[in-house]
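Bear in mind that the values in this text are calculations on the coordinates, not laboratory data. Quick caveat, the model's predicted, so the values are computed rather than measured. Cβ placement follows ideal geometry from the backbone for every residue including glycine, while neighbour counts extend to all protein chains displayed.
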Amino acid sequence: MRVKTVLFSMLFAVQGMAQITVTNTTFPGIGDTLRYKTDPNPAVLNLGTTGGANQIWDFTDLQGGPTQTTVYLDAASGTGFSQFPNAGLRTVGPLSETYLRKTTTVFEVLGTTGADQLNLGLNTTVRYQPPLPERRAPMHFFDINNFETDLNYALPTGALADSLLGQLGTLVDSFRIRIHTKRLDVVDAWGTCSIPGGTFPVLREKRSETTETAIDVHTFLGWVDLSSLLGGGGSSLLGQIGKDTTLTFHFFSATEKEEIAVLTLDNSGSVVTAAQYKFIPTITAIADLTAPKPSVSLAPNPASQSTELQFKNFPPGGSFLLKINDLQGRLLSQQVFSNANTGLSIDLGKLPASGLFLLQIFNENGTLLASEKLLKQ
């Protein structure tokens, strides 16, 4: 009888450690809010880069700063939805919106509207062709997926400084950005992953991603690679041209919509340079729940020419986005600012002559922090 009991216990233990299958129930949906912490200088020792079965990853020593929040909204309510009519979801950042789509087998990024990919200060709409997969389902141990996608978009010649174009400036009538991404995803390990606040059965996906960025100019000779003409020297813009390889490990559970952890490695593949992990509220975080909420006040209000915004209980540092909408939800004005401690003066000249308007302030993750109504006379 004792032998049977021991065998049953061993069988139960083995079954309890069996690998999981990640299904599409973990894909984010409209209304979901995903929360993460980031450790920019992680001391991760037991990475287990060789992969394999029944691994144990202990990341409980990870440290985190402010909670990063991503809210998934209905794509149809976005300002760029007409550019992505097949999208079902969107997320909002300080300078752009990202449009996404999910099917029964893939959760993918269609593209973005807003700031351009090379930070030239331009508003663009860019599409991944084909869409960029963020997650796949069902996900099993030792799944292997090769993937390639392109971002190609044209920009006006005025976006390039005359000093960069040099003598070519008079010959160039347009230019384009080419970003080619090639990725190999391998589910190379399974086991348990412990992070601050919890332990989860997981699959680990190893992602090796190579991105090649190029800028072409159009002259009477046709399309020509700009870096080949200028020799690649000196410019911060040209510094973004070329090939970049990134290695990341993604830990997925079968129950959580957040990835349990995402580790970024250096070029050698042996040192973790950054770590992101699912935020799990604990009893020690109850003070956060009772902390005063951010708020904004306007003076004067009503106003005619300008008004001053004063912020209270806003987090220190970081960037914020101010949006001004009419009561029908149409976006009339927006601007980014970086210091909520000093207040912010806004010019009302771009608004209609009079009316009631809604001011909203978002953090850099797209989370609404505070709102207030403004009456313009």
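Odds and ends about this structure:
- Near Gln55, the amide H atoms lying under 5 Å from its own belong to Trp190, Gly191, Thr192; only residues 5 or more places off or on other chains count, and H is placed 1.01 Å from N.
- Charge tally in the Cβ shell below 10 Å around Arg136, where Lys, Arg are +1 and Asp, Glu are -1, Arg136 excluded: -4
- Inter-site label distance for Thr367 and Ala299 at 7 Å from Cα along Cβ, in nm: 2.8
- Checked against a 32 Å cut-off, the cross-linked pairs Lys257/Lys373; Lys278/Lys376; Lys37/Lys206; Lys102/Lys206; Lys206/Lys312 give Cα-Cα distances beyond that limit for Lys257/Lys373; Lys278/Lys376; Lys206/Lys312.
- Stokes-Einstein, applied to the Kirkwood radius of segment 47-92 over Cα pairs at a viscosity of 1.567 mPa s and 4 °C, places its translational diffusion at 88 µm² s⁻¹.
- Considering only beta bridges that DSSP places wholly inside segment 292-376, some 95 percent are antiparallel.
- Packing-based ranking, highest mean first, of 264-275, 87-98 given that Cβ atoms within 10 Å are counted: 87-98, 264-275
- Whole-Hz couplings from phi, Karplus 6.51/-1.76/1.60, listed for segment 80-88; x for Gly and Pro: x, 4, 4, 7, 9, x, 8, 6, x
- Ellipsoid equivalent to segment 292-376 - semi-axes via the Cα gyration tensor, in Å: 21, 14, 11
- Compared with the direct C-alpha span, the chain from Ile30 to Asp173 gains 47.2 nm at full extension, assuming 0.36 nm per residue.
- Remark: Asp61, Asp216 ranked as Asp61, Asp216, counting other beta-carbon atoms within 10 Å and listing the fewest first.
- Sorted on the mean count of surrounding Cβ atoms within 10 Å across their residues, most packed first, peptides 137-146, 106-115 read 106-115, 137-146.
- Report note on the peptides 186-195, 71-80: ranked by the mean count of other C-beta atoms within 10 Å, highest first, their order is 186-195, 71-80.
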